[in-house]
Amino acid sequence: MRVPIIAGNWKMNHTVETGTALARAVSDNAPRSGVEVVVAPSLVSLASVVDVLVAGPVHVAAQNMHWADNGAYTGDVSAEMLLDVGCRYVILGHSERRQIFLESDELINRKIISALAAGLKPIVCIGESLEEREAAHTRLKVIFQLRAALTGVLREDMANVVIAYEPIWAIGTGKTASPEQAQEVHALIREQLGELYSAEVAQATRLLYGGSVKPSNIDELIAQPDIDGALVGGASLTADSFLALTRAAVA
Ligand code: 13P
């Protein structure tokens, strides 16, 4: 059985003060079992949020990292630095990184390999744009991004990989993919994992949906057989809505 994950991607929101208050409220009230709860604060809040969460059930993710172990990369951080500060996960390949910061499939693949080598669990984001969906290229795009992301990732490392399907047209737009649309792509991703690795890996890997997930639509999404949780933006920024999502994932 796959334990669902509800992960909150705070993006570029919250100060240390408001972020630690939110983390404390989540930690105090999140379900103790039946769901894995993860929050991804900004880089400058990571250490303070880890401090707040250290004795509780909630894990911390970073929102990005560099692929190199160290070196002259002004403004960046390595997997080891994130582990050192107490992160367990790292979000990689988010569409905002791909679109705004022009991160390529190759670069994202390098980051995934580097995270796994260091012992950090990547949450790998893939998903099509509106133009690609309208041109019926969703399957092609998702398969391409998935295979590019996982190039060189060994079967034994797949236990530490989480995949997030985030259709770009559903991110921050209030337009959620219908449960059927999301399930169709999740089933495709699982089928691909079966081809790339094995039926066991396909069955064990957790696949999250992301894109305007809210307390009002989580139930029908999480009820789909291949949706194992959510990567949440806007609705993760307040304790009430995020906690409602964590509870829905248990039920
Ligand atoms: P929203 O939930 O705000 O649409 O953001 C989704 C997302 O990008 C999570 O990574």
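The values are calculated or read from the model by the stated rules, or taken from the named source; none is laboratory data. None of these values were measured; they are calculated from a predicted model. Every residue, glycine as well, gets a Cβ built from its backbone with ideal geometry; the counts of neighbours run over all protein chains shown.
Looking only at region 130-147, residues that are touching a residue at least 12 places away in the same chain (Cβ under 8 Å) and surrounded by fewer than 16 Cβ atoms within 10 Å (Cβ to Cβ) come to 4 in all. Restricting attention to region 195-243, the residues that are within 23 Å of M12 (Cα to Cα) and either surrounded by 17 or more Cβ atoms within 10 Å (Cβ to Cβ) or touching a residue at least 60 places away in the same chain (Cβ under 8 Å) (or both) total 20. Within region 150-171, residues that are under 12 Å from L196 (Cβ atoms) and at pLDDT 95 or above reach no partner that is within 13 Å of the ligand (Cβ to nearest atom) and of a type in the set (D, E) with beta carbons closer than 7 Å at six or more positions or on different chains. Yes or no: V16 within 16 Å of the ligand (Cβ to nearest atom) and surrounded by 15 or more Cβ atoms within 10 Å (Cβ to Cβ)? Against the criterion (within 16 Å of the ligand (Cβ to nearest atom) and surrounded by 15 or more Cβ atoms within 10 Å (Cβ to Cβ)), V16 does not qualify.
Among the residues of region 65-85, those that are surrounded by 16 or more Cβ atoms within 10 Å (Cβ to Cβ) and either within 20 Å of I163 (Cβ to Cβ) or in contact (Cβ under 8 Å) with a residue 40 or more places away in the chain (or both) comprise M65, H66, W67, S78, A79, L82.
Can we say T205 is in contact with a strand residue (DSSP E or B) (Cβ under 7 Å, 6 or more places away or on another chain) and of a type in the set (S, T, N, Q)?
Numbers: in contact with a strand residue (DSSP E or B) (Cβ under 7 Å, 6 or more places away or on another chain): yes; of a type in the set (S, T, N, Q): yes.
In short, yes.
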